[in-house]
1. Hey, could you check region 255-274 for residues that are in contact (Cβ under 8 Å) with a residue 40 or more places away in the chain and not in a loop (DSSP other than H, G, I, E, B) and say which is surrounded by the fewest Cβ atoms within 10 Å (Cβ to Cβ)?
2. Any residue in region 84-113 that's more than 20 Å from HIS235 (Cα to Cα): show its pairings with residues that are of a type in the set (Lys, Arg) and crowded, with 20+ Cβ neighbours inside 10 Å at Cβ separation under 8 Å, as long as the two are six or more apart or on different chains.
3. Keeping to region 75-106, report how many residues are in contact with a strand residue (DSSP E or B) (Cβ under 6 Å, 6 or more places away or on another chain) and surrounded by fewer than 23 Cβ atoms within 10 Å (Cβ to Cβ).
4. If you take the residues in region 73-128 that are touching a helix residue (DSSP H, G or I) at 6+ places or on another chain (Cβ under 7 Å), farther than 20 Å from ARG197 by Cα and of a type in the set (Gly, Ala, Ser), which one is modelled with the highest pLDDT?
5. Considering only residues that are touching a residue at least 12 places away in the same chain (Cβ under 8 Å) and surrounded by 13 or more Cβ atoms within 10 Å (Cβ to Cβ), which ones fall in region 244-254?
6. Restricting attention to region 66-109, and to residues there that are in a loop (DSSP other than H, G, I, E, B) and of a type in the set (Asp, Glu), which single residue is farthest from ALA274 (Cα to Cα)?
7. Which of the residues spanning region 247-282 are within 14 Å of ARG69 (Cβ to Cβ) and out of contact with any strand residue (DSSP E or B) (no Cβ under 7 Å at 6 or more places or on another chain)?
8. Just need a number here: residues in region 244-254 that are part of a loop (DSSP other than H, G, I, E, B) and among the aliphatic types (A, V, I, L, M).
Amino acid sequence: MKLSTTAYILSSVLSAANLSDHQCIAQTIYAPDVSESPTAGKKASKSPKAGQKSNKKGKKGHYDDSKERVVTMWWVLFNKPSACATNPEGPVKCGVADLMANAMAGKNDPNIAIINASGGISGKDGFLRLAAALYKTDSCALDLEADSGAYLWGGPPPLYDTASIGYCPADGENTEVHIVLRDHGPPTEDKLAQMTRFTDPSCASVGGPNLCVDSGAVGFPSMSEDGLMAKDVGHFPMFPPGCADAGTCEIEVEMVQLVANSGNEVTLIRTGDAFQAVAEITLP
């Protein structure tokens, strides 16, 4: 796969966590802009094997025409958005540039935490609804145990060391919440692993038959009080429309990106010290 070095770093690192009550889990990266995909409005052809649960034989990462696929949803939290440089004067201040700049410098100034939110399997028409809740953590230094097998925390290792900050807003600030969606390909016999891990055994990067790639992302302004916001969600910023022709991604990667302005939406709800996220998407 012709993924960039940055994409490889973002999608290849996993850590595990040992969590207590009111502490949730996760993994991924992104940035806020979305744009119309060249596949918008195109109907996918029906698969001759509509009920097929695995990919056709061929090169790893190849998808058949079925829209029944596994998708995971991830919290990407910037607990100190004032430290972000992507768009410091805008309502959504943070993005993938902040995440990578901090990871490469061996620091974590925006207090980034990357946490698993939810997972599910789309219907044959490609529709999927995912919902998750996240509570403020009791501690800003959540212990991580690499051998626990949880595979629920993640991101570039320099952001963590031996602990994750979790959902823990910096003094005088409100956490900026981003949501990332990841396509794990057609369901396999190990559906539970597909729905709960960032890199599950079906992924081509670990020798499996499925592509596994971030396929959508959206960022929300910090919320200072209870309320809700709904935003359109489109492609993962590293894989914009035309990336296959530009040689920066494989055609299979571009084909599974969510299409902006086509009814895909994420709603973020704040209630006291808790967030809820509901994503309603239709896979291309």
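1. THR271
2. Final answer for the pair search is CYS84/LYS93; ASP109/LYS80; PRO110/LYS80; ASN111/LYS80.
3. Within region 75-106, residues that are in contact with a strand residue (DSSP E or B) (Cβ under 6 Å, 6 or more places away or on another chain) and surrounded by fewer than 23 Cβ atoms within 10 Å (Cβ to Cβ) number 1.
4. Out of the qualifying residues, it is ALA85.
5. Those that are touching a residue at least 12 places away in the same chain (Cβ under 8 Å) and surrounded by 13 or more Cβ atoms within 10 Å (Cβ to Cβ): THR248, CYS249, GLU250, GLU252, VAL253, GLU254.
6. Residues of region 66-109 that are in a loop (DSSP other than H, G, I, E, B), as a first pass: 66-69, 79-80, 84-95, 106-109.
From what is left, the residues that are of a type in the set (Asp, Glu) are 68, 89, 109.
Details: GLU68: 31, GLU89: 26, ASP109: 23 Å.
Selected residue: GLU68.
7. Passing the criteria: GLU252, MET255.
8. Residues that pass the stated criteria total 0.
The values are calculated or read from the model by the stated rules, or taken from the named source; none is laboratory data. Keep in mind it's a predicted model, so treat the numbers as computed, not measured. Methodologically, a virtual Cβ is constructed for each residue, glycine included, from the backbone with ideal geometry; neighbour enumeration extends over all protein chains shown.
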